[in-house]
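To start, the structure under review is shown below, and the notes come after it.
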Amino acid sequence: MIHFDNITANYSSNLGIKDFSLRIEKGEMIFLIGSSGAGKSTILKCLYGDIQIQKGVITLEGLNISKLSERQIQKLRRKIGVIFQDYRLIEHRTVFDNIALPLRINKNSNKIVQQRTKEILQEIGIPHLSERFPSELSSGEQQCVSICRALVKKPLMILADEPTGNLDPQTSIEILKILDRISKQGITVLMSTHNHSLIEDTNKTIVYLKDGARILK
């Protein structure tokens, strides 16, 4: 599904990645692990079309991302859900409206917006939070809302950038369980983390990064 072939990419003062290669299959869950500046976020930004690739090719379902026009990149992004460390919820909107936002942006009918948002709230187990505001939620609840927002448009892939970085250990484990469940539905999950202990017992693929390069462990 996703092929990174000898990718080199840098942005601003960030080292980025150098000669990075990886194969990811549909429904696979991959962990990118490394310290700050190792290249984790660069990989996710490359997939999302946020930064320019200097060398190499990334293909997603046969499409060469670096060759896409701005319009094609926008279309690609509709197939990708993104989860952030800091949640990025809109404070003056309810949980329901935060989750529904991608559907409204894509101009879905109100019937589809209502139906799909209720479905995803139920799936993640937080329908009771639908009328609350982000400031009324715990950190773990806010991240669950962020996950719902990423899933509501039925993406092919989830990019999770340090999604447990602000969470306590137990809540972090619960978030991993949710992401694992998502991958078992056939949605590819690519998650970055600096927390080795969080994934030490996983049976998923772990990609170790240091100074922008993939290393063996």
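The values are calculated or read from the model by the stated rules, or taken from the named source; none is laboratory data. No experiment lies behind these values; they were computed from the predicted model shown. Note: ideal-geometry Cβ built from the backbone for every residue, glycine included; neighbour counts use all protein chains shown.
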Contacts under 8 angstrom Cβ, first residue in segment 151-164 being surrounded by fewer than 23 Cβ atoms within 10 Å (Cβ to Cβ), partner in a loop (DSSP other than H, G, I, E, B) and among the acidic types (Asp, Glu), 6 or more apart: Leu156/Glu61
task: Quick one: in segment 27-65, of everything that is surrounded by 18 or more Cβ atoms within 10 Å (Cβ to Cβ) and small (Gly, Ala, Ser), which residue is farthest from the chain's Cα centre (by Cα)?
output: Gly56
query: Between residues in segment 52-77 that are closer than 21 Å to Leu15 by Cβ and residues that are part of a loop (DSSP other than H, G, I, E, B), which pairs lie under 9 Å by C-beta distance while being six or more apart or on different chains?
result: Ile65/Gly49; Ile65/Ile53; Ser66/Gly49; Ser66/Gln52; Ser66/Ile53
- line: Within segment 20-76, the count of residues that are among the acidic types (Asp, Glu), closer than 17 Å to Pro155 by Cα and either at pLDDT 90 or above or assigned to a helix (DSSP H, G or I) (or both) comes to 2
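Quick one: is Asn195 in a loop (DSSP other than H, G, I, E, B), at pLDDT below 95 and under 23 Å from Glu61 (Cβ atoms)? Steps first, please.
Numbers: in a loop (DSSP other than H, G, I, E, B): yes; at pLDDT below 95: yes; under 23 Å from Glu61 (Cβ atoms): no.
So Asn195 fails the test.
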query: For residues in segment 69-100 being surrounded by fewer than 20 Cβ atoms within 10 Å (Cβ to Cβ) and among the polar types (S, T, N, Q), which is farthest from Glu136 (Cα to Cα)?
result: Ser69
- prompt: Which residue pairs have Cβ atoms under 7 Å apart, sit 6 or more places apart or on different chains, and have a first residue in segment 127-142 that is free of Cβ contacts under 8 Å to residues at least 40 places away in the same chain and under 18 Å from Ile175 (Cα atoms) and a second that is acidic (Asp, Glu) and in a helix (DSSP H, G or I)?
  reply: Leu129/Glu141; Gly140/Glu174
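For (1) of a type in the set (D, E, K, R); (2) in a helix (DSSP H, G or I); (3) within 15 Å of Asn98 (Cα to Cα), each residue gets a yes or a no:
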position	(1), (2), (3)
Pro155	no, no, no
Ile173	no, yes, no
Lys177	yes, yes, no
Met191	no, no, no
- prompt: Name the pairs whose Cβ atoms lie under 7 Å apart, with the first residue in segment 195-209 and over 19 Å from Gln170 (Cα atoms), the second in a loop (DSSP other than H, G, I, E, B), and 6 or more positions between them or separate chains?
  reply: Thr205/Glu28; Tyr208/Gly34; Tyr208/Lys217; Leu209/Gly34; Leu209/Ala38; Leu209/Gly39
